[in-house]
Amino acid sequence: MPIFVGSQPKPMLVTNQLTFEYGPQKQFTFPDVTCADREALLILGRSGTGKTTFLHLLALLLRPKTGAVTVNQTDLTTLSPAQTAAFRARHVGLVYQKPHFVSSLSVLDNLLLANYLANKPQNKERARELAEQLGFREQLAKKTHQLSQGEQQRVSIARAVMNQPDVILADEPTSSLDDENTNRVVALLRQQSEQIGASLIVVTHDQRLKDVFKNRVNL
Ligand SMILES: Nc1ncnc2c1ncn2[C@@H]1O[C@H](COP(=O)(O)OP(=O)(O)OP(=O)(O)O)[C@@H](O)[C@H]1O
């Protein structure tokens, strides 16, 4: 259940007049979005409209040309690159379109890497608990490339919530999945974000998610 401050939910992530360009031929002006504390927001757009770009701006993996991104009342655009990386590691959980793992490490060590990058003690118990909940407990000792695509997706979700972030950002988490696995992944994202009290933002072109999320923005 969302927690309300007075009659208004507290904003967790807010963008203001974000623009970006890859070059003079590729310029973007994004709509302002607000995601309240502990709420879920779906950002829908066709392929090529800049969804990944937008998500990377929200995480400040890309710096906007103009505008601001505020997460939990911190304007990320005012932080240095080192401060941004530290803030992201502690407060933002990212589920990438294609999973990025360190292939030489086991599944367990990929999860623990999230703790390391956030400068937090390695929490094996949490990694095991998440693996149990997300159904890959038996795979922890394997290398990530030995997992199926669906299993890798679930490891990505676990890694994103290892540090109990304020916000989870997911890029096209369901586009390559069948209906059954789509429902499963959405349920897991929702369940995990509710469990840790995080806001959840999903960007996608997957129209199947349209009716699952009450709050929606079109890119
Ligand atoms: N590094 C880059 N340099 C130049 N152009 C880029 C770069 N990355 C993306 N683009 C272009 O910007 C546009 C938006 O890309 P983006 O990946 O954000 O779209 P998307 O909506 O996520 O697409 P998809 O749903 O197909 O993944 C595309 O036309 C893409 O070719």
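Quick note: the coordinates plus some simple rules give every number you see, no bench work behind them. Source: prediction; values computed, not measured. Methodologically, a virtual Cβ is constructed for each residue, glycine included, from the backbone with ideal geometry; neighbour enumeration extends over all protein chains shown.
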Scanning the range 51-62 residue by residue, those in contact (Cβ under 8 Å) with a residue 40 or more places away in the chain and either charged (D, E, K, R) or out of contact with any Phe, Trp or Tyr (no Cβ under 7 Å at 6 or more places or on another chain) (or both) turn out to be Lys51, Thr52, Leu55, Leu58, Ala59
Could you tell me whether Thr70 is buried (at least 17 other Cβ atoms within 10 Å of the Cβ) and among the hydroxyl-bearing types (Ser, Thr, Tyr)?
-> yes
So which of Pro165, Pro173 ends up being within 16 Å of the ligand (Cβ to nearest atom), surrounded by 19 or more Cβ atoms within 10 Å (Cβ to Cβ) and not acidic (Asp, Glu)?
-> Pro173
Can you tell me how many residues in the range 54-99 are within 16 Å of the ligand (Cβ to nearest atom) and within 13 Å of the chain's Cα centre (by Cα)?
-> 14
Pairs, first under 16 Å from Leu62 (Cα atoms) in the range 26-50, second more than 7 Å from the ligand (Cβ to nearest atom) and of a type outside the set (A, V, I, L, M, F, W, C), C-beta under 6 Å, six or more apart | Gln27/Glu21; Thr29/Thr19
In the range 12-23, which residues are hydrophobic (A, V, I, L, M, F, W, C) and within 16 Å of the ligand (Cβ to nearest atom)?
-> Leu18, Phe20
(1) within 18 Å of Ala170 (Cβ to Cβ); (2) out of contact with any Phe, Trp or Tyr (no Cβ under 6 Å at 6 or more places or on another chain): which one isn't true of Glu151, the others all being true?
-> (2)
Quick count over the range 22-62, residues being in a strand (DSSP E or B) and aromatic (Phe, Trp, Tyr), is 2
Residue, farthest from the ligand (Cβ to nearest atom), within the range 24-44, restricted to residues that are of a type outside the set (Lys, Arg) and surrounded by fewer than 16 Cβ atoms within 10 Å (Cβ to Cβ) = Asp32
Looking at this structure, is Thr182 of a type in the set (Val, Ile, Thr), farther than 25 Å from Pro11 by Cβ and surrounded by fewer than 20 Cβ atoms within 10 Å (Cβ to Cβ)?
-> yes
Mind checking which helices (runs of 4 or more DSSP H) fall wholly inside the range 91-176 and carry at least 2 residues that are β-branched (Val, Ile, Thr) and touching a helix residue (DSSP H, G or I) at 6+ places or on another chain (Cβ under 8 Å)?
-> 149-161
